[in-house]
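Just below is one structure, and these are the notes that go with it.
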Amino acid sequence: MILVLDACTISNLLHIVQDNSLIKLLDKSFENVFITKEVIAEFGSSKFVYLSYYDNSRETLNQLISDLHLSDYVSELDSIKYECIPFVRNFAIVSGQTLKESDGEFQSALLSLYLSRWGENDFMENSNRVLFATDDGRANTFFIELFLSNQIGTIIDSIDILCIFYLKGLITKKHLLKNVDAILGLYSSPLNELKQTISRIKERDIKGIFQSYLTNLLDMLYENQLESVFDTLHEGGYKKMYADFPKLKDLIRKLSVNGINGKAAYVKSRYDFISNNLLWDGHLGISK
Amino acid sequence: MDFENYKLTNNPFRISPSNTAEELVWIGMDKLKEKLNQRIQSSIATSPSRIVINWGRYGSGKTHAANYYTKTNFIHDNFGKKTKNIKVNLPRSTKDPVQSFLRSLMGQLNFENIVEDFGLVKTEFKAEAPRIIEANTTDSIIGLFLKKFLGVDGVQNSLFPEIGFENSKDALRDYLYGDITKATLKKLNLPLGLEDDEQIVNLLSGIFNTITHQKKIYSAVFLWIDEFEDIESLPKITQDRFTTFLRQLIDKTPNNLTIFLNFTLKGFDAFEDLSIILGEALASRAKIHIDFDEPNEEESLIYIRNLLNHPNFRKPEFINDNDLYYPYQEASIKFIISNIGRKSLRKINETLSLILELALLENPIPPSITKEFVEKISSEIPSWKK
C-alpha cells in the first residue's frame with residue numbers, strides 16, 4: 001500500500017504522542033509514504049498553528065520538525081503530478097464541486113491519482129493501492145468520488161492509520177485506544193477552551209441574568225447539545241451578552257464553522273467500536 | 001436591592017459558590033450529605049488511603065461540597081476529630097501541572113501551618129520525632145529537609161543534636177516554594193532541590209504521613225481536587241504525568257489520605273470511561289464514587305424553603321410556618337421548578353434569584369411572587385423551557 005499524507009494528519013500523529021514515534025511507524029506499515037511539496041511547505045509555514053496544542057517550546061518544535069526529514073517523503077513523480085490538473089478540474093465541474101487548487105489536499109489528490117497510474121513497471125499497477133490520509137472532513141467529501149471511481153484507492157484518517165499500526169502489531173490495543181482518546185481530546189480542545197472561558201467570566205461580578213445565560217451554555221456544552229449553543233447566536237438575550245463578551249461569540253462561531261460536534265461524535269463512535277472488539281486482529285474467536 | 005421588603009436580610013439564592021466559612025451553609029440535600037459524611041467517618045476511623053470520585057452533572061453542588069468540607073469547621077464539630085482539609089483546583093493551561101499543583105497546595109497548606117504542625121509532631125513524639133519523620137519518608141533528602149522543621153521554633157532542640165538547627169525559616173520556605181539556588185541549598189546543607197515529580201510526591205507524602213502518624217495529630221488528610229474533568233483539556237502526555245503523580249502520591253501515602261476528585265459529567269460519559277481519563281492504575285484505586293444526583297421535586301422544595309428561612313437570610317421572628325416559601329407562593333415555586341428543565345441546584349438558585357430581583361424592581365413591589373407574575377416575566381428567564 002502507498003500512503004499520501006496530508007498536513008493535518010501529520011499534525012495529529014505528532015500531537016497525540018507529543019513526539020515523532022508514530023510518524024516513524026509509517027515506514028514500517030506502508031511500502032511507500034509520500035508527502036507533496038505543497039503540503040510540506042504548508043506545514044512548514046504554519047507549523048506553530050498546526051502544532052499549537054503541542055506542549056513544548058518553539059525551539060523543541062523546530063527540532064522535532066527538522067528531525068522528521070519531511071523532504072525525504074517527496075515522490076519522484078511529485079513534479080509531474082500537475083499533468084492531472086485538467087482532468088481533476090473537469091471531474092470537479094461535472095460532479096459539482098468547487099476546488100481550491102492551492103490547498104495541500106488538492107495537490108495530494110493529484111499525486112494520488114498519478115501514483116495509482118504509474119508504478120515502477122506497469123500502468124495501473126498501483127490501482128486501488130493508494131491511501132490518502134487526511135483529517136480534513138471537507139477534503140474527504142470532495143475527493144472520495146474521484147478516488148473510488150478512478151480506482152485510485154481510498155481516503156483514510158488518523159484513526160485508520162492507528163488501526164493499521166495495531167493490526168500490524170506495531171502498537172497494542174491499549175495504545176490504540178489511548179491514542180484514539182487523545183484524538184478526541186484534540187478535537188475537544190476548542191470546546192474545552194469555550195467552557196473555561198465561560199467559567200472564567202462566571203467568576204466575575206456580572207449581571208444575574210448573564211450568569212443564567214452562561215449556566216445554560218455550560219449545561220448545553222456538558223450535555224453535548226452544540227446545536228442549541230449555536231442557536232443562541234441568534235437569540236435576543238444572548239446577543240446582548242455576546243455584545244459584552246465578544247470573545248465568547250468568536251469561540252462559538254469558530255466551533256460552528258469547524259463542525260466540531262460531528263468530529264467528536266465520530267471519534268467517540270470509532271473508539272467504542274474498537275473497545276467493543278469490533279476490529280478483527282486476525283485471531284480466531286473474539287479478539288480481546 | 002431592598003430584600004427587607006420580603007422579610008429577608010439578603011438574597012438567599014447565591015449565584016456563585018460561597019467562599020467564606022460564615023457564608024458556607026449546607027441546606028437540604030440530606031442524602032448526599034449523609035453519603036459524604038460516611039466517607040469522612042470511614043477515613044477518620046480507618047487507615048487505608050483512598051480516592052473518591054464525586055460524580056455529577058454541571059451545577060450539582062460539587063464545588064460547594066468541597067468548600068463546605070474544607071473551609072468550615074463542620075468536620076471537627078461533627079466528628080470531634082482534627083483533620084487537615086484542603087481544596088485545590090486542577091491545574092489547567094499549564095505545561096508543568098505537578099509544579100502548579102504543588103504551588104497551589106502550598107498556598108492552602110500554608111508554610112506557617114506546616115511549621116506549626118511539625119511543632120506539634122515534636123511536642124507529641126519528643127525525641128522520637130526525627131525517627132518518625134524518617135520512617136514516613138521514602139526519600140532521605142526530603143527526610144532531612146522535613147526534620148529541619150522540627151527546629152525552627154528553637155524549643156527543645158537539644159533533643160536532636162544531630163539535625164543542626166542553624167537553618168532559617170526563610171531558607172526552608174524558599175526551598176519549599178521551589179528556590180533551588182546554591183545559596184538556599186547551602187544554607188540548608190541539602191544536596192538537591194525539589195526538581196522532579198517524584199521528589200514532590202516524596203515531600204507531600206512525607207508531610208501527610210508524618211502529621212497523621214498514628215492519627216495522633218491529625219486523624220486524616222482530606223484533599224479535594226475540584227474541576228478534575230478539566231484534565232481532558234491538557235495534552236495527553238501532561239494528563240498522564242499528572243495522573244501518575246496522583247497515583248504515586250496515594251501509593252506513598254498508604255494511610256490516612258483521602259483524595260476526592262470532583263468530576264463533572266459530560267453527556268456521553270460513563271463511569272467506565274474514567275479508566276481512560278485516569279489511567280488504569282489510578283482508576284483501580286478509585287473504586288468509590290459518590291453520585292451528586294439532581295434533586296427531585298421534594299428535595300428541591302425542602303432546599304428552597306430551608307434556604308429562605310435560614311438564619312443567614314431571615315430573622316427567626318419573620319419565619320411564618322404557614323408561608324415557608326415567602327415571598328414565593330408554593331404554587332409558583334412548583335410551577336418554576338417544573339419549567340426549568342433539568343433541576344440543578346445552580347439553576348434553581350440562579351432562576352429564583354433572578355425572579356426575586358425582577359419582583360423587587362416592580363413598582364409597586366408585588367406582595368408575593370405568584371404563578372401569574374412568573375408567567376408574565378417568564379420570557380426574561382434564560383432557563384425557562386419554551
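What follows is calculated from the coordinates using simple rules that are stated; it is not laboratory data. Just so you know, these numbers come straight off a predicted model, no measurement behind them. FYI the Cβ positions are ideal-geometry reconstructions off the backbone, even for glycines, and counts take in every protein chain you see.
Legend: residue pairs A:Lys173/A:Lys254; B:Lys33/B:Lys343; B:Lys347/B:Lys376; A:Lys202/B:Lys343; A:Lys268/B:Lys385, Cα-Cα distance threshold 23 Å; pairs beyond threshold, A:Lys173/A:Lys254; A:Lys268/B:Lys385. Cross-link partners for B:Lys82 among the aspartates and glutamates, with Cα-Cα distance under 13 Å and sequence neighbours closer than 8 places in the same chain left out: B:Asp117. Largest mean-square fluctuation among A:Phe106, A:Phe87, A:Phe30, in a Gaussian network model of chain A whose springs join Cα atoms under 10 Å apart, belongs to A:Phe87. Approximating the spin labels as points 7 Å out from Cα along Cα→Cβ, the B:Lys95-to-A:Gln225 distance works out to 4.0 nm.
Pairs exceeding 30 Å between alpha-carbon atoms, taken from A:Lys28/A:Lys174; A:Lys239/B:Lys31; B:Lys62/B:Lys148: A:Lys239/B:Lys31; B:Lys62/B:Lys148.
In this structure, the amide hydrogen of B:Ile369, modeled 1.01 Å from its nitrogen in the peptide plane, lies closer than 5 angstrom to those of B:Tyr328, B:Gln329, counting only residues at least 5 positions away or on a different chain.
Other protein chain C-beta atoms within 10 Å of residue C-beta, averaged over A:211-222: 6.
Placing a pseudo-label 7 Å from each Cα along the Cα-to-Cβ vector at B:Glu198 and A:Ser149 gives an inter-label distance of 6.2 nm. Compared with the dominant principal axis of the Cα atoms in chain B, helix B:236-252 is inclined by about 70°. In a Gaussian network model over chain B where Cα atoms closer than 10 Å are linked, find which of B:Thr94, B:Thr138, B:Thr238 has the largest mean-square fluctuation. Judging by the Gaussian network model, the answer is B:Thr94. In a reduced charge model with +1 at each Lys and Arg Cβ and -1 at each Asp and Glu Cβ, the protein assembly as shown shows a dipole moment near 1420 debye about its Cα centre.
Amide H contacts under 5 Å for B:Lys87: B:Trp224, restricted to partners 5 or more places along the chain or on a different chain, H placed in the peptide plane at 1.01 Å from N. Couplings 3J(HN,Hα) of region A:33-44, computed from phi: 10, 10, 9, 6, 4, 5, 5, 4, 5, 4, 5, x Hz, in residue order, whole Hz [Karplus 6.51 cos²θ - 1.76 cosθ + 1.60, θ = phi - 60°; x for Gly and Pro]. Computed over chain B, relative contact order equals 28 percent, with contacts defined as Cα pairs under 8 Å that lie 6+ residues apart. What the phi angles of region A:136-150 give under the Karplus curve with 6.51, -1.76 and 1.60, with θ = phi - 60°, is a coupling list of 8, x, 5, 4, 4, 4, 5, 9, 4, 4, 4, 5, 6, 5, 9 Hz, glycine and proline written as x. Excluding same-chain neighbours fewer than eight residues apart, the aspartates and glutamates reachable from A:Lys37 by a Cα-Cα span under 12 Å are A:Asp6, A:Asp72, A:Glu76, A:Asp78, A:Asp103, A:Glu105. If you run the Gaussian network model on chain A, springs between alpha carbon atoms under 10 Å, then out of A:Asn179, A:Asn12, A:Asn276 the most flexible one is A:Asn276.
Sequence neighbours fewer than 8 away in the same chain don't count; with that in mind, list the aspartates and glutamates whose C-alpha is under 12 Å from B:Lys315. Cα-Cα hits under 12 Å: B:Glu4. Histogrammed with a bin width of 5 Å, the alpha carbon distances of region B:25-106 distribute as 3, 11, 20, 23, 20, 13, 7, 2, 0 percent, first bin at zero.
Shown in residue order for region B:100-108 are the 3J(HN,Hα) couplings computed by the Karplus curve 6.51 cos²θ - 1.76 cosθ + 1.60 at θ = phi - 60°: 4, 5, 4, 4, 5, 5, 5, x, 7 Hz (x for Gly and Pro). Once the Cα atoms are used to define both axes, helix A:260-275 deviates from the longest principal axis of chain A by about 60 degrees. Ranked by how many other Cβ atoms sit within 10 Å of their own Cβ, fewest first, the residues A:Asp160, A:Asp78 fall in the order A:Asp160, A:Asp78. FRET efficiency for the B:Glu372 to B:Lys315 pair, using the beta carbon distance and R₀ = 30 Å, is estimated at 0.55.
Computed from label points 7 Å out along Cα-Cβ, the spacing between B:Arg14 and B:Gln41 is 2.6 nm. With a threshold of 18 Å on the Cα-Cα distance, the over-threshold entries among B:Lys35/B:Lys287; B:Lys95/B:Lys169; B:Lys334/B:Lys371 are B:Lys95/B:Lys169. Amide H to amide H, with H built 1.01 Å from N, B:Ile290 comes under 5 Å of B:Ile53, B:Asn54, B:Trp55, counting only residues 5 or more places away or on other chains.
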